[in-house]
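The values are calculated or read from the model by the stated rules, or taken from the named source; none is laboratory data. Just so we're clear, the structure is a prediction, and the values are computed from it rather than from any experiment. Quick note on the areas: whole protein, heavy atoms, side chains included, nothing else; ligands and nucleic acids left out. Shrake-Rupley method; radii C 1.70, N 1.55, O 1.52, S 1.80 Å.
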Amino acid sequence: MFSMSRNFGAACPNPVKSAFFSDTTVGLGIARMHEALMEEATIQVRVFRERTAAAEWLGVPLEILQPDAR
C-alpha cells in the first residue's frame, strides 16, 4: 500500500493533502505513525488535534470536516 502511494507521484505531479484529526492519544499516535510512513510519498499527510487547524491546512471550510448529525 505504501509503495503504491509513493509511486502515485508519477501519475499525479501535484501533491495530494490528507489530514487526520483525533482528540484521543491513541488516535493521534496511530495517525502519526501513518504520517511518518508517508514522508517520502507524494501524498502530504498531517495530523491535527483540532479540526480548525486541519481545515486551514487543507484550505477547506470547517463545516465540511464536521461529523454528520444523524
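By accessible area of protein heavy atoms, probe 1.4 Å, what ranking do Leu28, Leu37 get, highest first? List each step's numbers first, then the result.
Details: Leu28 10, Leu37 80 Å².
If we order Leu28, Leu37 from most to least accessible, we get Leu37, Leu28.
Taking Ile30, Ile43 and ordering them by how much accessible surface each has at a 1.4 Å probe, largest first, produces Ile30, Ile43.
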